[in-house]
1. Tally the residues that are within 16 Å of ligand 2 (Cβ to nearest atom) and touching a Pro at 6+ places or on another chain (Cβ under 9 Å), restricting the search to the stretch 164-183.
2. So which of L254, L281, L222 is without any contact (Cβ under 8 Å) to a residue 40 or more places away in the chain, away from ligand 1 (no atom under 16 Å from the Cβ) and open to solvent by 10 Å² or more (accessible area, probe 1.4 Å)?
3. In the set V135, V203, which member is among the aliphatic types (A, V, I, L, M), modelled with pLDDT under 95 and more than 16 Å from ligand 2 (Cβ to nearest atom)?
4. Considering only residues that are aromatic (F, W, Y) and under 19 Å from I53 (Cβ atoms), which ones fall in the stretch 82-135?
5. Of the residues I242, I294, which is in the same structural domain as T317 (by TED's automatic domain parsing) and within 16 Å of ligand 2 (Cβ to nearest atom)?
6. Please state which one of L65, L44, L71 is within 16 Å of ligand 1 (Cβ to nearest atom), touching a helix residue (DSSP H, G or I) at 6+ places or on another chain (Cβ under 7 Å) and either within 30 Å of F225 (Cα to Cα) or assigned by TED's automatic domain parsing to the domain that holds C165 (or both).
7. Which ones in the stretch 108-163 are among the acidic types (D, E) and either within 29 Å of Q221 (Cβ to Cβ) or in contact with an Asp or Glu (Cβ under 8 Å, 6 or more places away or on another chain) (or both)?
8. With respect to V212, is the statement that it is of a type in the set (V, I, T), outside the structural domain of Q239 (by TED's automatic domain parsing), within 16 Å of ligand 1 (Cβ to nearest atom) and open to solvent by less than 10 Å² (accessible area, probe 1.4 Å) true?
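The values are calculated or read from the model by the stated rules, or taken from the named source; none is laboratory data. These numbers were taken from a predicted model, which means no experiment stands behind them. Neighbour counts run over all protein chains shown; Cβ positions are idealised from the backbone, glycine included. The accessibility values were calculated without ligands, DNA or RNA, using every heavy atom of the protein model including side chains. Shrake-Rupley method; radii C 1.70, N 1.55, O 1.52, S 1.80 Å.
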Amino acid sequence: MEIQPFVAKQYAFLEKQGLAPKEIEKSIHERFASKEKGAGVACLVTPPKPVTIQADTLADCHPGLKELSRLGHGAFGEVVAVGLDPNATDADRRRVILGGGLYSPLDPGRTYALKQLLLDDWVAADGTVSFSAAVSDWGIQSEMCVAREAGKGAVGPEVFGTWFCSVASGANFGGRDFGFILMDRVRTTFGDAIDEARSHDLVVTADAQRAVMGIHERFYQLGYFHDDAHLYNHAIDLQGRIRLLDFGFVRPWLIGWKERAVRLVARELSDEIEWTPYYRLGRHGKDNVAEEVIELIDRGSIPFRKVYKWGTMAPFTEKSVYSFPPNPDADEAFSDSGNHREKVEDTDGDIQPANLLQA
Ligand SMILES: Nc1ncnc2c1ncn2[C@@H]1O[C@H](COP(=O)(O)OP(=O)(O)OP(=O)(O)O)[C@@H](O)[C@H]1O
Ligand SMILES: [Mg+2]
């Protein structure tokens, strides 16, 4: 699949929100010109420019690392799994293992995720607006910068390298520039995990929901608001912890928005988990903490009543909340495998009532 320049994603995103082409052009240029300074968050104002290397082909843009498979199917940033290239030169191999090249030291026995972003100028389909490559350039640098901070702050996968690469003309993608983000691999996305809960009758536990909402509280502590917080941009890492992906749409926290990200993600969570057998038709409402959080946010602060307390869900992001347990009251008739399933004990208290809600 042909990957599209970074700015095309920003365009599509704003178009989906109902903006007209000229409004989109204005909005993107304002971001690019850093007018939206917010709290002066450096990554969104003056992101540092990473090194640029020259390569003969796209595959040479990540020396010592070999592409193994495709992890993501985004139209804008292709994400692939990479590992130590068995045919790497000794010098490249050394730089992969010890660092000192493009990456910080990597474990030669592990695989990593590599996101590739295309830096190009771009003309919208209707031809009325166009953007220079500098707009994509700035946007990619900003994403790289936020991804690094998110990795350090335990909000996103750890980042091991960010760089640009110019592919020599003549080759496939010749004459074009790419940005690369090398990071830890996650296990799955939360969107996929909900799909799995639906098809295998698993419980999206209260703690898993708290972690998905709590990761936004954590991101706020770093100064950011994730503006593209759909459930496929929430991931579950190898330790079963919730992490954010995809920092292409990030804004500084704006006044009055503090609870907006939490409410938006809570809405989406509740809408999705209600289609899993455990929660369907309003069952197990007490475990649907996403819905409870929405109610509490909407209710606001009423004296002597339960309120949503900011920051109380962030600690759940340190907890392993995956795999999801099987539905303890699974209907035998539902089971698509047809196997008998034993009732499971509620072992780790994952679906106990919230302690995030303060009386
Ligand atoms: N660190 C990672 N480990 C494993 N898979 C990943 C990782 N990062 C991304 N992916 C996969 O790649 C997909 C796309 O990644 P990402 O959202 O960063 O790119 P994008 O092109 O900006 O996305 P979109 O599809 O939203 O436009 C993710 O939804 C996920 O499935
Ligand atoms: Mg994405």
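1. Filtering the stretch 164-183 down to residues within 16 Å of ligand 2 (Cβ to nearest atom) leaves 179, 181, 183.
Checking the rest, the ones that are also touching a Pro at 6+ places or on another chain (Cβ under 9 Å) come to 179, 183.
Qualifying residue count, the stretch 164-183: 2.
2. Values: L254 fails: without any contact (Cβ under 8 Å) to a residue 40 or more places away in the chain; L222 fails: without any contact (Cβ under 8 Å) to a residue 40 or more places away in the chain.
Going through L254, L281, L222 in turn, just one is without any contact (Cβ under 8 Å) to a residue 40 or more places away in the chain, away from ligand 1 (no atom under 16 Å from the Cβ) and open to solvent by 10 Å² or more (accessible area, probe 1.4 Å): L281.
3. Exactly one of V135, V203 is among the aliphatic types (A, V, I, L, M), modelled with pLDDT under 95 and more than 16 Å from ligand 2 (Cβ to nearest atom), namely V135.
4. Step one: filter the stretch 82-135 for residues aromatic (F, W, Y), giving 103, 112, 122, 131.
Passing the criteria: Y103, Y112.
5. Working: I294 fails: within 16 Å of ligand 2 (Cβ to nearest atom).
Matching residue, one of I242, I294: I242.
6. Numbers: L44 fails: within 16 Å of ligand 1 (Cβ to nearest atom); L71 fails: touching a helix residue (DSSP H, G or I) at 6+ places or on another chain (Cβ under 7 Å).
Of L65, L44, L71, the one residue that is within 16 Å of ligand 1 (Cβ to nearest atom), touching a helix residue (DSSP H, G or I) at 6+ places or on another chain (Cβ under 7 Å) and either within 30 Å of F225 (Cα to Cα) or assigned by TED's automatic domain parsing to the domain that holds C165 (or both) is L65.
7. First, pick out the residues of the stretch 108-163 that are among the acidic types (D, E): 120-121, 126, 137, 143, 149, 158.
Selection gives D120, D137, E143, E149, E158.
8. Working: of a type in the set (V, I, T): yes; outside the structural domain of Q239 (by TED's automatic domain parsing): no; within 16 Å of ligand 1 (Cβ to nearest atom): yes; open to solvent by less than 10 Å² (accessible area, probe 1.4 Å): yes.
No, not satisfied.
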